[in-house]
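The values are calculated or read from the model by the stated rules, or taken from the named source; none is laboratory data. The structure presented is a predicted model; accordingly, all values stated were derived computationally and were not measured. Cβ: placed from backbone, ideal geometry, glycine included. Neighbour counts: every protein chain shown.
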Amino acid sequence: MNMIRYQPLGLMHRLHHDLDRILDRRWRDEDETISPVSDWLPAVDIREEDKQFVLHADIPGVDPKDIEVTMENGVLTVRGVRQAETETHDQAYGRVERASGGFYRRFSLPDTADSDRITAKSSLGVLEVIIPKLAEIQPKKIDIQVD
(Lines give C-alpha, C1' and ligand atoms only; values in the text may rest on other atoms or scores of the structure.)
Protein backbone atom coordinates (compact mmCIF):
# COMPACT_ATOMS: atom_id res chain seq x y z
CA MET A 1 0.00 0.00 0.00
CA ASN A 2 1.37 3.40 -0.98
CA MET A 3 1.27 6.26 1.50
CA ILE A 4 -0.15 9.48 0.12
CA ARG A 5 0.77 12.70 1.84
CA TYR A 6 -2.29 14.83 2.55
CA GLN A 7 -1.79 18.43 1.39
CA PRO A 8 -5.10 20.29 1.57
CA LEU A 9 -3.79 23.43 -0.13
CA GLY A 10 -1.59 21.67 -2.66
CA LEU A 11 -4.15 21.96 -5.44
CA MET A 12 -4.62 25.67 -4.79
CA HIS A 13 -0.85 26.27 -4.86
CA ARG A 14 -0.57 24.36 -8.13
CA LEU A 15 -3.47 26.33 -9.66
CA HIS A 16 -1.90 29.64 -8.55
CA HIS A 17 1.45 28.63 -10.05
CA ASP A 18 -0.15 27.55 -13.34
CA LEU A 19 -2.14 30.79 -13.63
CA ASP A 20 0.99 32.88 -12.98
CA ARG A 21 2.85 30.93 -15.65
CA ILE A 22 0.01 31.23 -18.20
CA LEU A 23 -0.54 34.93 -17.64
CA ASP A 24 3.18 35.70 -17.75
CA ARG A 25 3.51 33.86 -21.06
CA ARG A 26 0.45 35.65 -22.43
CA TRP A 27 1.90 39.08 -21.61
CA ARG A 28 5.22 38.23 -23.26
CA ASP A 29 3.60 36.79 -26.37
CA GLU A 30 1.32 39.78 -27.00
CA ASP A 31 3.86 42.54 -26.56
CA GLU A 32 7.38 42.39 -25.18
CA THR A 33 7.06 45.96 -23.85
CA ILE A 34 4.25 45.04 -21.42
CA SER A 35 5.59 44.24 -17.98
CA PRO A 36 4.04 43.79 -14.57
CA VAL A 37 3.75 46.85 -12.35
CA SER A 38 6.24 45.48 -9.83
CA ASP A 39 9.21 43.19 -10.06
CA TRP A 40 8.77 42.34 -6.38
CA LEU A 41 6.51 43.31 -3.46
CA PRO A 42 7.87 44.28 -0.05
CA ALA A 43 6.12 42.82 2.97
CA VAL A 44 4.05 45.50 4.74
CA ASP A 45 2.49 45.77 8.21
CA ILE A 46 -0.13 48.44 8.91
CA ARG A 47 -1.56 49.19 12.31
CA GLU A 48 -3.99 51.76 13.62
CA GLU A 49 -3.23 53.59 16.82
CA ASP A 50 -5.29 56.19 18.66
CA LYS A 51 -3.78 59.20 16.89
CA GLN A 52 -2.15 57.73 13.78
CA PHE A 53 -1.71 54.90 11.33
CA VAL A 54 1.73 53.27 11.12
CA LEU A 55 3.02 51.44 8.05
CA HIS A 56 6.21 49.35 8.11
CA ALA A 57 7.61 47.99 4.83
CA ASP A 58 10.55 45.60 4.61
CA ILE A 59 12.88 47.00 1.95
CA PRO A 60 16.39 45.75 2.75
CA GLY A 61 19.04 46.84 0.32
CA VAL A 62 16.99 49.75 -1.05
CA ASP A 63 18.65 53.15 -0.89
CA PRO A 64 16.25 55.72 0.66
CA LYS A 65 16.87 58.03 -2.31
CA ASP A 66 15.35 55.32 -4.53
CA ILE A 67 12.04 55.33 -2.58
CA GLU A 68 9.06 57.58 -3.29
CA VAL A 69 6.08 57.94 -0.94
CA THR A 70 3.07 59.92 -2.18
CA MET A 71 -0.49 60.54 -1.04
CA GLU A 72 -3.21 61.49 -3.51
CA ASN A 73 -7.00 61.23 -3.27
CA GLY A 74 -6.85 59.08 -0.14
CA VAL A 75 -4.38 56.60 -1.64
CA LEU A 76 -0.87 56.20 -0.22
CA THR A 77 1.65 54.98 -2.80
CA VAL A 78 5.04 53.53 -1.97
CA ARG A 79 7.34 52.83 -4.90
CA GLY A 80 11.02 52.37 -5.42
CA VAL A 81 13.82 50.37 -6.95
CA ARG A 82 16.27 47.86 -5.54
CA GLN A 83 19.35 47.90 -7.72
CA ALA A 84 20.73 44.55 -8.84
CA GLU A 85 24.19 43.66 -7.66
CA THR A 86 26.76 44.38 -10.33
CA GLU A 87 29.73 42.67 -8.73
CA THR A 88 31.41 39.98 -10.78
CA HIS A 89 32.28 36.74 -9.08
CA ASP A 90 34.61 33.97 -10.13
CA GLN A 91 31.85 31.44 -9.53
CA ALA A 92 28.38 31.42 -11.02
CA TYR A 93 25.41 31.63 -8.72
CA GLY A 94 23.74 28.36 -7.83
CA ARG A 95 20.59 30.09 -6.62
CA VAL A 96 19.31 33.66 -6.62
CA GLU A 97 16.30 34.44 -4.41
CA ARG A 98 16.71 38.15 -3.65
CA ALA A 99 14.59 40.16 -6.02
CA SER A 100 15.77 43.34 -7.68
CA GLY A 101 13.99 45.93 -9.76
CA GLY A 102 11.00 48.11 -9.07
CA PHE A 103 8.30 47.73 -6.44
CA TYR A 104 4.95 49.48 -6.19
CA ARG A 105 2.35 49.28 -3.40
CA ARG A 106 -0.85 51.31 -2.95
CA PHE A 107 -3.03 51.59 0.15
CA SER A 108 -6.44 53.22 0.45
CA LEU A 109 -6.63 55.27 3.62
CA PRO A 110 -9.76 56.32 5.48
CA ASP A 111 -11.02 59.90 5.52
CA THR A 112 -9.54 60.30 9.00
CA ALA A 113 -5.97 60.35 7.60
CA ASP A 114 -4.22 63.74 7.62
CA SER A 115 -2.36 63.78 4.30
CA ASP A 116 -0.58 67.07 5.12
CA ARG A 117 1.36 65.65 8.08
CA ILE A 118 2.57 62.28 6.73
CA THR A 119 6.20 61.48 7.55
CA ALA A 120 8.47 58.68 6.37
CA LYS A 121 11.85 57.40 7.47
CA SER A 122 14.03 54.46 6.59
CA SER A 123 16.18 52.61 9.08
CA LEU A 124 17.94 49.25 8.86
CA GLY A 125 15.98 48.19 5.78
CA VAL A 126 12.55 49.09 7.16
CA LEU A 127 10.52 52.00 5.81
CA GLU A 128 8.26 53.54 8.45
CA VAL A 129 5.42 55.81 7.30
CA ILE A 130 3.43 57.68 9.97
CA ILE A 131 -0.01 58.89 8.87
CA PRO A 132 -1.55 61.07 11.59
CA LYS A 133 -5.30 61.21 12.04
CA LEU A 134 -7.17 64.48 11.70
CA ALA A 135 -7.59 66.13 15.10
CA GLU A 136 -11.29 66.91 14.67
CA ILE A 137 -12.06 63.31 13.77
CA GLN A 138 -10.52 61.80 16.88
CA PRO A 139 -12.98 60.92 19.61
CA LYS A 140 -13.13 63.36 22.49
CA LYS A 141 -13.44 61.97 25.97
CA ILE A 142 -16.16 63.62 27.99
CA ASP A 143 -15.79 63.61 31.73
CA ILE A 144 -18.79 62.51 33.76
CA GLN A 145 -19.65 64.72 36.68
CA VAL A 146 -20.81 63.14 39.89
CA ASP A 147 -23.58 64.85 41.92
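A few remarks follow.
- Residues in the stretch 71-85 that are under 28 Å from residue 23 (Cβ atoms) and more than 10 Å from the chain's Cα centre (by Cα): 75, 76, 80, 81, 82, 83, 84.
- The set of residues in the stretch 118-138 being surrounded by fewer than 13 Cβ atoms within 10 Å (Cβ to Cβ) and closer than 23 Å to residue 59 by Cα consists of 119, 121, 123, 124, 125.
- Checklist (1) surrounded by 11 or more Cβ atoms within 10 Å (Cβ to Cβ); (2) modelled with pLDDT of 70 or more applied to residue 27, failing item: (2)
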